[in-house]
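The structure under discussion appears below in the form of structure tokens.
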Amino acid sequence: MESILTETYSIYFNELAYEALNQHLKKERYSKIFILVDENTHRDCLPLFLSALETKLDLEIIEMEAGEMNKTIETCIQIWHSLSELGGDRRSLMINLGGGVVTDLGGFVASTFKRGIDFINVPTSLLAMVDASIGGKTGVDLGVLKNQVGVINQPRMVLVMVDFLKTLDKRQLRSGFAEMLKHGLITSEPYWSKLKEIRLQDSLDTYIFQSIEIKNEIVLQDPRENNLRKILNFGHTLGHAIESHFLKKDEKTALLHGEAIAVGMILEAYLSSKLSGLGPHQLEDIKHTLLERYKKVKFTEEDKEAVLSLLIFDKKNSHGLVNFVLLKCIGDAVIDQRVPHKLFMEAFAYYEE
Ligand SMILES: NC(=O)c1ccc[n+]([C@@H]2O[C@H](COP(=O)([O-])OP(=O)(O)OC[C@H]3O[C@@H](n4cnc5c(N)ncnc54)[C@H](O)[C@@H]3O)[C@@H](O)[C@H]2O)c1
Ligand SMILES: [Zn+2]
């Protein structure tokens, strides 16, 4: 696999990644390197990562608590303090070694510390490899509302080392796979069809590469999400509201991001069949494929009402209207679609039938 070029940085895979990193460190002469981990990536990923790192520079490990509930400004404050106390300066480098929580939050901390220091993303979860670590969106949650505070700022490089997935929990792996299925739905019917046949124990390298190419291609054309990039939000308008709702309700039954997005994709596929021409066979194909992989979520009437009221907080709203990304067919998405409210309950009914 070759590396993938973006406008300002490169994404390197497997063996090439360490080579590229070591070269970069030689060239840049950073004053210090900070590696941000959570307790899981500290234990499972850091030893392997350090064994491949060739540098005489000072290394400091900063650990945050794992999990979405720690993707907060309070965690950032602790890390800004650590950076400051450990002698971080404008020539320091931050390496974010972890899932999307670590890369989102670490990217934001680095982008704001001393008005911005270099950072490198080393995604260790499937979701972070194919999605969160690419594209420059960084930030934190505000209460249960996701990603309300942040900046768009690109890393210096992204290093995708697929071996890290060996220690990732199966449920997490499946959650990340939902974003790959989304990549097929919004851009490529052949890719969607291919992914339907993949089992998660198979080697995922080729598909991870392909998903990153798809995401990168979209981001390159529209880095600040004015138009095209919005298609990456397919399944996310309702999906985020569902994720927030269950997180608020009870952390123990909370859904993982990809699990919530899988429900969102079925609901939004239904909306697509009513509003943007998605055919009945493709609609069934989407529902069937997703329900085969992601267990059906039970919604009470109160759950549905709560989800719909959360929709108004979705950051993709502009001028108070809820905008959706819908499918014309599998492989072709349209942005800025307004949806009559009565269709929401119908979509839930279709999901449940
Ligand atoms: N910036 C973006 O464009 C973007 C896109 C999609 C998602 N996101 C964000 O990404 C986050 C979700 O990312 P995630 O699913 O990676 O969550 P995560 O970072 O919480 O990781 C999931 C769990 O797996 C553990 N883990 C990660 N890699 C591991 C490994 N190799 N071995 C063992 N354990 C490992 C983590 O410690 C954590 O407990 C959300 O906050 C979401 O908003 C951002
Ligand atoms: Zn997502």
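Listed values, structure above:
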quantity: Condition met for Leu291 (surrounded by fewer than 16 Cβ atoms within 10 Å (Cβ to Cβ), assigned to a helix (DSSP H, G or I) and away from ligand 1 (no atom under 14 Å from the Cβ)); calculated: yes
quantity: Hits in segment 216-258 - residues which are among the basic types (Lys, Arg) and open to solvent by 10 Å² or more (accessible area, probe 1.4 Å); calculated: Arg224, Lys230, Lys248, Lys249, Lys252
quantity: Qualifying residues in segment 44-87 (those that are within 30 Å of Phe246 (Cα to Cα) and hydroxyl-bearing (Ser, Thr, Tyr)) - the one surrounded by the most Cβ atoms within 10 Å (Cβ to Cβ); calculated: Thr75
quantity: Complete set of residues in segment 128-157 that are within 10 Å of the chain's Cα centre (by Cα) and either among the charged types (D, E, K, R) or surrounded by fewer than 16 Cβ atoms within 10 Å (Cβ to Cβ) (or both); calculated: Asp131, Lys137
quantity: Residue that is surrounded by the fewest Cβ atoms within 10 Å (Cβ to Cβ) [pool: residues in segment 110-127 that are more than 7 Å from ligand 1 (Cβ to nearest atom) and among the aliphatic types (A, V, I, L, M)]; calculated: Ile117
quantity: So Gly107, is it within 16 Å of ligand 1 (Cβ to nearest atom) and either in contact with a helix residue (DSSP H, G or I) (Cβ under 7 Å, 6 or more places away or on another chain) or of a type in the set (S, T, N, Q) (or both); calculated: no
quantity: Qualifying residues in segment 246-273 (those that are more than 15 Å from ligand 1 (Cβ to nearest atom) and touching an Asp or Glu at 6+ places or on another chain (Cβ under 8 Å)) - the one modelled with the highest pLDDT; calculated: Tyr270
quantity: Number of the condition not met by Gln201 [criteria: (1) in a helix (DSSP H, G or I); (2) more than 16 Å from ligand 2 (Cβ to nearest atom)]; calculated: (1)
quantity: Top-ranked residue of segment 51-69 - restricted to ones that are touching a residue at least 12 places away in the same chain (Cβ under 8 Å) and assigned to a helix (DSSP H, G or I), ranked as nearest to ligand 2 (Cβ to nearest atom); calculated: Glu68
quantity: Matching residues in segment 266-277 - criterion: being open to solvent by less than 10 Å² (accessible area, probe 1.4 Å) and assigned to a loop (DSSP other than H, G, I, E, B); calculated: none
quantity: Every residue from segment 1-28 that is over 19 Å from Gln210 (Cβ atoms), open to solvent by less than 50 Å² (accessible area, probe 1.4 Å) and in a helix (DSSP H, G or I); calculated: Tyr18, Ala20, Leu21, Asn22, His24, Leu25, Glu28
quantity: Count - residues of segment 170-190 that are over 16 Å from the mean Cα position of the chain (by Cα) and over 16 Å from Leu327 (Cα atoms); calculated: 1
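Quick grid of which residues meet (1) over 18 Å from Leu278 (Cα atoms); (2) crowded, with 19+ Cβ neighbours inside 10 Å; (3) at pLDDT 95 or above:
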position: Glu305; (1), (2), (3): yes, no, no
position: Asn323; (1), (2), (3): no, no, no
position: Cys329; (1), (2), (3): no, no, yes
position: Arg338; (1), (2), (3): no, no, no
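The values are calculated or read from the model by the stated rules, or taken from the named source; none is laboratory data. Just so we're clear, the structure is a prediction, and the values are computed from it rather than from any experiment. Glycine gets a Cβ as well: all are built from the backbone with ideal geometry, and neighbour counts include every protein chain shown. The accessibility values were calculated without ligands, DNA or RNA, using every heavy atom of the protein model including side chains. Shrake-Rupley method; radii C 1.70, N 1.55, O 1.52, S 1.80 Å.
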